[in-house]
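Engineer: Just dropping this structure here.
The values are calculated or read from the model by the stated rules, or taken from the named source; none is laboratory data. Please read these numbers as outputs of a predicted model, since none were measured by experiment. Glycine gets a Cβ as well: all are built from the backbone with ideal geometry, and neighbour counts include every protein chain shown.
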Amino acid sequence: MGREETIVRAMVFDGTKGRLRPEDRAVRAPGPGEVRLEVLACGVCRTDLHVVDGELTEPELPIVPGHQIVGRVVRAGDGVERFAVGDRVGVPWLGWTCGACDACRRGEENLCDAARFTGYQIDGGFAEECVADARFCFPIPDGLPDLRAAPLLCAGLIGYRAFRMAGDARTLGFYGFGAAAHILAQLARHEGRTVFAFTRPGDEAARRFAVDLGAAWAGGSDEAPPSPLDAAIVFAPVGELVPIALRAVRKGGTVVCAGIHMSDIPSFPYSILWGERVVRSVANLTRRDGEEFMALAPRVPIETEVRRYALGDAGRALDDLRAGRFTGAAVVVPR
């Protein structure tokens, strides 16, 4: 039957704003339908920042953040047939839903009011081991290394949902060129779409990074694109970008707000919404999103640029993300 409980090293958020602390923490045996995982890699997401900075206000404290987990199954609970000991699996932000509410029955489990989220109400991957509901895990394709796979599990998955919400737009603007945009730019180019990248004003490294990944143009978020956009995806959690993006899209175009948290959107004149422009949000992800994207990523293929951090440096990884000190994605490797 294996170990009933084990003590592992973890980085824990206890409610002290902006800080993680190391802790030796008990990881329980998996219950029915659950798997216990050795964490091989865990991506660092801006949502983790929103949790530890107090902008997402309902964490189950103390909590282990991290919701882009690549793990190896070390024990499976009763009733788990999908995964076996030794399998590599991915654990995303959406960790559990009720399955019974109107949203779940409509196939909109991402909107379930009772949903529980990894690294927010369920201990996540800034630890050597964790437990997850097997129904909400995804198999990791063979040949996809742990570090490359980790950012796909949120930056990729929720980015993919935002990408689909943009419809068949041929000219796409990405506001904020971080982990999600650098993944989706590759998918857009694979599909023959044109990408314009909007970065922090003056961030030359981000501009070069976007162009290297195939963006047809890269400029500051305070600049107008070379031509009107069919759709814009706002990845940066900055509400002021929404009116800017509205001014950049053509009539009938769409602005997709891709963040779980965003600062307040300022008032704007109706004239920039008029013309059947649309503003919409993306909330979480569904398992269908995950299955589609994890099958698609190796075919593109999507190459993630990764900066690696040790488990004890997870707090520094969050600081570096907050300050924009790297391009691509950060990944914590616990062992």
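Engineer: Surrounded by fewer than 22 Cβ atoms within 10 Å (Cβ to Cβ) and outside the structural domain of residue 171 (by TED's automatic domain parsing): does that describe residue 310?
Structural biologist: Against the criterion (surrounded by fewer than 22 Cβ atoms within 10 Å (Cβ to Cβ) and outside the structural domain of residue 171 (by TED's automatic domain parsing)), residue 310 qualifies.
Engineer: Can you find, within the range 260-288, the residue that is farthest from residue 237 (Cα to Cα) among those that are among the small types (Gly, Ala, Ser) and over 26 Å from the mean Cα position of the chain (by Cα)?
Structural biologist: The extreme case among them is 275.
Engineer: Shifting gears a bit: Say whether the condition of being in contact (Cβ under 8 Å) with a residue 60 or more places away in the chain and of a type in the set (A, V, I, L, M) is met by at least one residue in the range 272-282.
Structural biologist: yes
Engineer: Here's a check for you: in the range 32-50, which residue that is surrounded by 14 or more Cβ atoms within 10 Å (Cβ to Cβ) and outside any strand (DSSP E or B) is farthest from the chain's Cα centre (by Cα)? Can you show your working first?
Structural biologist: Taking the range 32-50 and keeping what is surrounded by 14 or more Cβ atoms within 10 Å (Cβ to Cβ), we get 33-50.
Imposing the further condition that a residue be outside any strand (DSSP E or B) reduces the set to 33, 45-50.
Details: 33: 24, 45: 6, 46: 8, 47: 7, 48: 10, 49: 12, 50: 12 Å.
So the residue we want is 33.
Engineer: Next question, about the same structure. Can you pull out the residues in the range 102-125 that are touching a residue at least 60 places away in the same chain (Cβ under 8 Å) and either under 17 Å from residue 281 (Cβ atoms) or not assigned by TED's automatic domain parsing to the domain that holds residue 53 (or both)?
Structural biologist: Of everything in the range 102-125, those that are touching a residue at least 60 places away in the same chain (Cβ under 8 Å) and either under 17 Å from residue 281 (Cβ atoms) or not assigned by TED's automatic domain parsing to the domain that holds residue 53 (or both) turn out to be 108, 109, 110, 111, 115, 117.
Engineer: If you don't mind, there's one more thing I want to ask. Can you tell me which residues in the range 157-179 are touching a Phe, Trp or Tyr at 6+ places or on another chain (Cβ under 6 Å) and within 17 Å of residue 117 (Cβ to Cβ)?
Structural biologist: Within the range 157-179, just 157 meets the criteria.
Engineer: On to the next question. Give the residues of the range 263-293 that are within 15 Å of residue 159 (Cα to Cα) and of a type outside the set (Val, Ile, Thr), sorted by residue number.
Structural biologist: Those that are within 15 Å of residue 159 (Cα to Cα) and of a type outside the set (Val, Ile, Thr): 280, 281, 283, 284, 285, 287, 288, 289, 290, 291, 292, 293.
Engineer: In addition: Report yes if residue 135 is among the charged types (D, E, K, R), touching a Lys or Arg at 6+ places or on another chain (Cβ under 9 Å) and not assigned by TED's automatic domain parsing to the domain that holds residue 22, otherwise no.
Structural biologist: no
Engineer: Then there is this: For residue 244, indicate whether it is assigned by TED's automatic domain parsing to the domain that holds residue 91 and more than 27 Å from residue 129 (Cβ to Cβ).
Structural biologist: When the stated conditions are applied, residue 244 does not pass them.
Engineer: Having 3 or more residues that are surrounded by 14 or more Cβ atoms within 10 Å (Cβ to Cβ) and of a type in the set (A, V, I, L, M) is the bar; report the strands (runs of 3 or more DSSP E) wholly within the range 219-303 that clear it. Even if it seems obvious, please write down each step before you answer.
Structural biologist: Working: elements: 229-234, 249-257, 278-281.
Those strands (runs of 3 or more DSSP E) span 229-234, 249-257.
Engineer: Within the range 17-40, track down each residue that is touching a Lys or Arg at 6+ places or on another chain (Cβ under 9 Å) and over 20 Å from residue 135 (Cα atoms).
Structural biologist: Listed by number, the residues that qualify are 18, 22, 23, 24, 25.
Engineer: Given the structure, is residue 16 among the hydroxyl-bearing types (Ser, Thr, Tyr) and touching a residue at least 24 places away in the same chain (Cβ under 8 Å)?
Structural biologist: In short, no.
Engineer: Kindly indicate whether any position in the range 63-70 is out of contact with any strand residue (DSSP E or B) (no Cβ under 7 Å at 6 or more places or on another chain) and assigned to a loop (DSSP other than H, G, I, E, B).
Structural biologist: No, that holds for no residue.
Engineer: Quick one: which of 173, 143, 239 is in contact (Cβ under 8 Å) with a residue 24 or more places away in the chain and closer than 25 Å to residue 41 by Cα? Give the steps one after another, and end with the answer.
Structural biologist: Details: 173 fails: closer than 25 Å to residue 41 by Cα; 239 fails: closer than 25 Å to residue 41 by Cα.
From the options 173, 143, 239, the qualifying one is 143.
Engineer: Which is out of contact with any Asp or Glu (no Cβ under 7 Å at 6 or more places or on another chain) and farther than 15 Å from residue 257 by Cα, of 206, 180?
Structural biologist: The unique qualifying residue is 206.
Engineer: In the range 212-232, which residues are hydroxyl-bearing (Ser, Thr, Tyr) and over 18 Å from residue 182 (Cβ atoms)?
Structural biologist: 227
Engineer: Hey, another quick one. Scan the helices (runs of 4 or more DSSP H) fully inside the range 103-212 and keep the ones with 1 or more residues being over 30 Å from residue 21 (Cα atoms) and at pLDDT 95 or above.
Structural biologist: Here the list reads 155-165, 179-190, 204-212.
Engineer: Could you list, in sequence order, all residues of the range 73-102 that are outside any loop (DSSP other than H, G, I, E, B) and either surrounded by 11 or more Cβ atoms within 10 Å (Cβ to Cβ) or among the β-branched types (Val, Ile, Thr) (or both)? Please lay out each step first, then the result.
Structural biologist: Taking the range 73-102 first, the residues outside any loop (DSSP other than H, G, I, E, B) are 73-76, 88-91, 94-96, 102.
Hits for the range 73-102 are 73, 74, 75, 76, 88, 89, 90, 91, 94, 95, 96.
Engineer: So, in the range 4-16, of the ones that are modelled with pLDDT of 95 or more and not in a strand (DSSP E or B), which residue ends up farthest from residue 130 (Cα to Cα)?
Structural biologist: 16
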